[in-house]
Each structure stands twice: as structure tokens, then as C-alpha cells.
Amino acid sequence: MPAPLAPLFPSGVLRRGTTTTVSGPPGHGATTLALSLLAAASTAGSWCAAVGLPDPGVVAAAELGLDLRRVVFVPHPGSGWAEAAGDLLSGVDAVLVRPPGRARLTAARHLCARARERQAALVVLLERAGAWPEGGDLALSVGPGTWEGVGQGHGHLNGRRAEVRVSGRRAAGRVTECALWLPAGSGVVEEAEPEEAEPGELEPEEAEAELEAGRWPGPGDGPEAA
């Protein structure tokens, strides 16, 4: 894992045979976060694949650290997205897949089992966590974010700051939250300093209530890309 992401994962690595879901509304940084999970693996020599990203943004992906020489892109798998991902799990070390909608339970279970059997890492990109009925070993949910760099009608977008909520099974069972740049001005994912609460902002308990009310994409809400 890149250093800013290592604390989110048990033992600081993307484990073989596991399923990780990354969810968040379009434009919030979930795609950036999901691609960054493959970056360290590809630069270390592992082969990776991305299925169902119609416009993967290869320049931005390269800036994240993804070694494009070791990544297979299947941008338009159509209705065969699950079959394509399953076949690739047999030949690469990590597969990122974006289902076109809510996945069927049979397809989700098959891919999770395939990842365990082939000892490959499966990353599922979703708009809502609930779109992946099988769940995952680790669930990353990207919440509200803000862009920086644009002034009063002028300037350039430099970075997107977002809150990320992490939960999972077994060693990752405790729910944690952190702030990340998705991406920072340098193009990579970086840790962001926590913001001090301003008068009128929600307290942690109130923020939790907002999450339960559906304002945040939570691990049980459902999957699709972003």
C-alpha cells in the first residue's frame, strides 16, 4: 500500500484472496482511491486489471503511481463484466471491477470465491456499498469532499479533500475514519490534516446520525463506481 493508505488495512497490505469494496458518489474520489490501491502492487511488479472503467484516465492513474505496463484495461465489458473479472482473477494478482449496477448475489459470491481460490486481490468500485450483496473483507466509503485551488472565478483545481470511513471483518472490524487528499496537488493520494470543527458544524455523534440517515455512503448501502 502507498504510505497514506497503509493504516487503513490490517498489516498495511492489500491481502491476496480478499475482497475490498470502495464506494462513493460520482465525483467524490472513489475511483481515485480504488486505483491507488493497485498502484503500489503494480510498481512492485504485480500484474493488475481494471474492468468496467469506461474512461480510466490513464494519465491521472500514472500520476497515482500505477505502472501502466502491468495493468490490463477492459473498459467496456458490457453484461459480461463478471465473467471478464473472473477470468482475469486467474491470471493477475489484483483486479479492480466496477459493476454497471447492483450485482447479482450469485455473481458477487462467485467473484469473491474466485479471488480466494486464486489468491488474488479483488477490489470492487461502487456508488453505494449495498450494490455488492456479498459484502467484503474491508469496506472503504468516501464521504463528502471539497476541492481546493479555485478562487473567485479563477485558478486551477489543485486537490480534493475527502473523508474516508473504513470498516471490515475480523482484524478490520473496528470502524475508523480519516481524511485523505484524493488526489493532492502532486497527483498522488496523501493524508490530510484533520479539520477543526467550526461553530455550527456537526459533532461526531451528529455526523454518525447523518451516516445512518443515508447522507454518507456506508458499508451497507450498496456498490457502483465513482
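Going through region 89-114 one residue at a time, which ones are in contact with a Cys (Cβ under 9 Å, 6 or more places away or on another chain) and of a type outside the set (Gly, Ala, Ser)?
If the condition is that a residue be in contact with a Cys (Cβ under 9 Å, 6 or more places away or on another chain) and of a type outside the set (Gly, Ala, Ser), then 92, 93, 95, 96 are the ones that fit.
Just checking, which of 135, 145, 149 is open to solvent by less than 50 Å² (accessible area, probe 1.4 Å), at positive phi and part of a strand (DSSP E or B)?
Just one listed residue meets the conditions, 149.
Looking only at region 142-159, filter to residues that are under 13 Å from residue 25 (Cβ atoms) and touching a Gly at 6+ places or on another chain (Cβ under 6 Å); which one of those is modelled with the highest pLDDT?
142
Can you name the residue in region 9-61 that is among the hydroxyl-bearing types (Ser, Thr, Tyr) and open to solvent by 40 Å² or more (accessible area, probe 1.4 Å) and, of all such residues, is modelled with the lowest pLDDT?
Only one residue fits best here, namely 11.
Could you list, in sequence order, all residues of region 122-136 that are closer than 19 Å to residue 12 by Cα and in contact with a helix residue (DSSP H, G or I) (Cβ under 7 Å, 6 or more places away or on another chain)?
Matches in region 122-136: 122, 123.
The values are calculated or read from the model by the stated rules, or taken from the named source; none is laboratory data. Note that the structure is a prediction, hence the values are computed from the model and not measured. Using ideal geometry, Cβ is built from the backbone for each residue, glycine included, and neighbour counts are taken over all protein chains shown. For the accessible areas, the whole protein counts, side chains as well, though only heavy atoms, and no ligand, DNA or RNA atoms are used. Shrake-Rupley method; radii C 1.70, N 1.55, O 1.52, S 1.80 Å.
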